[in-house]
Ligand code: NAD
């Protein structure tokens with residue numbers, strides 16, 4: 001994820017998020033004070049915490065937690081473990097979380113956290129100590145009624161379990177509602193693991209419907225083969241789509257006749273997806289430019305930029321990842337008639353089922369997977385339709401429509417509280 005300026009466009013995610021607010025705010029004619037508040041996170045914490053490594057040495061890790069806006073409710077958003085984490089990225093991700101919660105109408109504002117580290121370098125014990133160390137460092141500002149973290153890139157249900165345990169020990173109470181995406185036995189929600197991908201697929205089905213098309217037979221390329229990308233591949237294959245390309249951080253595979261996604265999944269678990277066969281190899285760069293019906297960026301930010309937007313040939317870009325398209329690239333895609341389902345809508349299934357998890361934790365009463373998926377479907381389909389309707393009314397794209405719904409909602413809450 002780059003933060004430099006290339007081809008005269010900024011790739012700094014924080015500046016990109018600010019630009020996106022400006023475009024939607026202009027259409028809504030929002031009060032200046034509201035825009036000023038929304039363009040900055042309310043609170044940002046930087047922590048440096050020591051961790052004992054297996055070889056006896058002590059390493060100090062830097063991490064961040066950004067709480068963007070809590071006018072509608074407690075802040076909510078994942079924790080990322082990645083070597084390229086920056087403060088500006090975490091700030092931007094917390095802003096996108098506010099708008100994501102706003103677009104699907106959840107009673108939350110946005111938050112996000114990150115630790116600069118590469119979990120691939122850790123033993124299981126080291127990963128546990130880093131996870132517990134970070135939670136201890138941010139424990140004073142998170143809580144079930146203040147700020148509720150969740151998984152993101154390279155963080156898992158197990159990590160959420162360790163973090164919940166650390167927080168509960170510090171506070172002397174069992175506190176499952178402090179974090180979502182936990183293992184089921186600790187109060188995780190059925191369906192949470194698949195929720196981001198499932199929600200994304202629900203929005204793709206709606207976009208296809210608007211084109212008069214069925215999922216069956218549609219071709220798909222997916223960048224990123226983790227929680228979001230891999231599960232989306234499986235769900236779309238189950239619907240009869242032809243998944244022709246997938247990739248991870250090591251590179252991709254492409255077969256125009258369609259990939260066997262179950263076999264690719266097994267390779268990911270045991271070795272590398274690249275073992276599918278050398279003749280199928282494709283770079284992450286070339287994958288994005290394939291002629292497919294549906295392109296799903298499901299890895300990191302800034303992968304569709306001024307440098308490649310003109311070469312994108314997909315009919316639908318469904319942003320499972322946060323911030324994969326820069327504002328300049330967005331304009332090019334829109335000019336080419338490509339339907340971009342924006343991140344704050346396309347990947348909102350994750351936070352929606354995180355919300356369901358939190359509600360179940362607070363009630364101490366748990367739903368079946370069918371109940372969770374049905375409620376998710378209702379939220380995602382109605383949100384897509386509301387965004388699409390508004391975008392058509394203003395003759396704008398889905399991203400601007402989604403931002404408009406969200407900005408309006410958050411501004412209303414700030415007005416009702418007397419902030420603006
Ligand atoms: P993950 O850690 O499960 O998977 C990330 C995938 O991206 C891995 O397959 C990894 O190999 C791949 N990857 C990493 N660097 C890459 C690179 N440079 N090029 C290509 N692939 C690369 O993470 P995830 O939870 O699936 O998150 C992916 C994206 O979805 C992120 O942008 C995240 O913010 C977003 N997201 C996730 C959730 C969630 O609930 N997990 C919710 C909303 C949004």
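Worth a mention:
- Mean Cβ count within 10 Å, highest first, over the residues of peptides 271-281, 30-40: 30-40, 271-281
- Of all DSSP beta bridges confined to the chain, the antiparallel ones make up roughly 50%.
- Taking packing as the residue-averaged number of other Cβ atoms within 10 angstrom, the listed peptides 153-163, 288-298 run from highest to lowest as 288-298, 153-163.
- What separates the Cα centres of segment 85-158 and segment 177-234 is a distance of 20 Å.
- Cα-projected label distance for residue 281 with residue 255, points at 7 Å along beta-carbon direction, nm: 1.8 nm
- The chain, helix-only ellipticity at 222 nm - DSSP H runs n ≥ 4, -39,500 (n - 2.57), divided by all residues, nearest 500: -14500 deg cm²/dmol
- Sequence ranges 122-129, 201-208, ranked by mean other-Cβ count within 10 angstrom, highest first: 201-208, 122-129
- Taking every alpha-carbon pair under 8 Å whose residues sit at least 6 apart, segment 195-346 reaches a relative contact order of 23 percent.
- Computed over the chain, relative contact order equals 17 percent, with contacts defined as Cα pairs under 8 Å that lie 6+ residues apart.
- Relative contact order (percent, whole number), segment 1-134, Cα cutoff 8 Å, 6+ residue spacing: 25 percent
Every number in this text was worked out from the coordinates using simple rules, so none of it is lab data. These numbers were taken from a predicted model, which means no experiment stands behind them. In this analysis, Cβ positions are derived from the backbone assuming ideal geometry, glycine residues included, and neighbour counts consider all displayed protein chains.
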